[in-house]
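Below is one structure, written out as structure tokens, with a few remarks after it.
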Amino acid sequence: MNSHTSRLAFALLLAAALAACGDDGATTSTVDPDAAGGKTDLGGDAAAFEGRNDPVASWLRKVTRADGTVDGDYQTVLEGVAAEMGCPPESSRSFVILLSRKEYFPRNMFTVCGDDTVKASKFFMSTQSDDGTLSDVDPRNLKMFAWDADARTYRTYELLPEGEGSMRVSIEPGHCRSCHTGPTDLDNRQMAFVPIMNELVNPWTLWNARPDFDSHLFDEVIDPAVAGAPVYKAMTAEGRLDSAANFERHIREGMSLVTATRIRARRDPADLELSLGLLRPMFCDETLNYVSENHDSGELHASAILDDSIRRLYLSTRPDGWRWAWLNDGKLRMPLPAPGQEPIAVIPTRGEATVQLENALVSRKTLTAQQVLQVRALDWKHPVLSDLRCGLFLDGATRIRAHADAWAPYATNNDLIPALFAEIMTLPDGESRRSLLSEQPDTLYALPTADGTLDSADLDGYTASMDDFGDQLQSWFDELQSSTDRAWLTQERTRRGCGALAHYPSAPEIPGVGSCDP
């Protein structure tokens, strides 16, 4: 199998992968207004925008007709929103990812104020996929979310074709929120709406990386008929088309907005659910990211095998840690794939939004780096989707809620969070409970793997200093970096992929996963 054929086969495996969420192909909204938390048919109700202070709402107030429709298309939206944000109309930028259809159909993402990442992160718009019959992008089938500075949250909207040259406005469509919050089994109604980009780091497998970088596979596999169609060409004209590398920056900034809002709650009066919500991402993954081998080079982002939060925390606390290769540049460099062997593709890792929140608790001194590392050291060979860590949180939250009055004396969430954390980090030990938090400074319990359950007796023999733990990580890093056998990575991708597909609405297709039956 030659290089081109191998990469094309790789692309075929990724046919539906990495699309931004909400790719349901819908052409009409069937969302229940009450379930969605908003209204799907404005019907001339001016109060529909009441209390909204985001740029989309500001523009829609001015242009929405009494029947709940607006004139125009994507260009009308971009010009209107840019004006609301104080940016020139030519500041809009487009970014493109390929979706699966008969061949590879593009979805265009848009921002305005494109030279200002802070401003650009406050408005995102995307086109939607079609029903498989169109030969060009639909310029009036749009999803949008925009930052409300007063409410400190993203507001969501949908515009759908209505008659000739009009679009029907939908506020807070439920299918937008379902993909941008957390996994369904963690009651994602309580979670913040977060911008997502499934491939947040290079290579952006089916993203257009031009003009800044050569695309990974984009130019090879895009449907040539659509690539030459007039609407798509206008959306990606010179001066408007931007690189996936810049979209990554805008998405990260958007995640930071959400993180800053969530972490502010630590100063509020103590609230059990709010405090548990701030702890949950440390144990149960609210968001995921996906990384791929850079072509067939053997280079893979180290977050595929080691939790990126561990690296960030060690960098901040161990100035003498540069002797560890895993800490230095965040890349795993494996031997090249054998002939006919496909690169490692789309392996789930911890989501950037969850890592950001975890590190924010440390930087604000709500928890210490050692406390957080003691969570990360449990089942550390499973950096994401660990049944053990999430089970600790769910069991602890159940105990905490059953005795809610016991937590009443705490004044603020900042006071309450460390106490709840200490309770969650315990195991049954006879008639009492044993703490998973080492009493010795600079030490922790380093358990490489666990099957989802843990007995207090299992802790014996796993106490490690920070240096010892760093050495363990280095040994594991060296083993995977030098081995020509990729069996562990392949098996782990299947484990994580099945978990992602089962619980995360935004999960892409994971190549090579196959059946996920128990």
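Computed from the coordinates by the stated procedures, all read-outs in this text should not be read as laboratory data. Everything quoted here is computed from the prediction, not taken from an experiment. Reconstructed Cβ throughout: ideal geometry from the backbone, glycine too, with neighbour counts over all protein chains shown.
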| task | Kindly put Met282, Met425 in sequence by how many other C-beta atoms sit within 10 Å of each C-beta, fewest to most. | result | Met425, Met282
| request: Translational diffusion coefficient, Stokes-Einstein: compute it for the stretch 382-475 using the Kirkwood radius over C-alpha pairs as Rh, at 20 °C and 1.002 mPa s, and state it as an integer in µm² s⁻¹. | output: 144 µm²/s
| note | At R0 = 35 Å the Cβ-Cβ FRET efficiency linking Arg333 and Leu241, nearest 0.05, sits at 0.65
| Gain on full stretching of the segment that runs from Ser316 to Val63 - 0.36 nm per residue minus C-alpha separation | 86.1 nm
| With a 10 Å Cβ neighbour count serving as the proxy for reagent exposure, in which order, fewest first, do Ile97, Ile424 appear? | Ile424, Ile97
| field | Pairwise label distance in nanometres, Ala225 with Asp471, each label 7 Å out on the Cα-Cβ vector | value | 6.4 nm
| note | Note: Asp478 to Val118 extended length (0.36 nm per residue) minus current alpha-carbon separation gives 125.7 nm
| task | Using the structure shown, list the pairs from Lys143/Lys365; Lys62/Lys119; Lys62/Lys143; Lys122/Lys233; Lys143/Lys331; Lys122/Lys331 with a Cα-Cα distance above 29 Å, or answer none. | result | Lys143/Lys365; Lys143/Lys331; Lys122/Lys331
| request: Can you work out the PRE-style zone for Asp415? Point 7 Å along Cα to Cβ, and I want the residues of the stretch 230-266 with backbone N under 19 Å. | output: 264-266
| query | What's the exposure ranking of Ser92, Ser482, Ser215, Ser58, going from fewest to most Cβ atoms within 10 Å? | reply | Ser482, Ser58, Ser215, Ser92
| field | Ser363 paired with Ala260, simple spin-label distance in nm, labels 7 Å along Cα-to-beta-carbon | value | 1.0 nm
| query | Stretch Arg323-Asp387 to full length: gain in nm at 0.36 nm per residue minus the Cα-Cα span? | reply | 19.9 nm
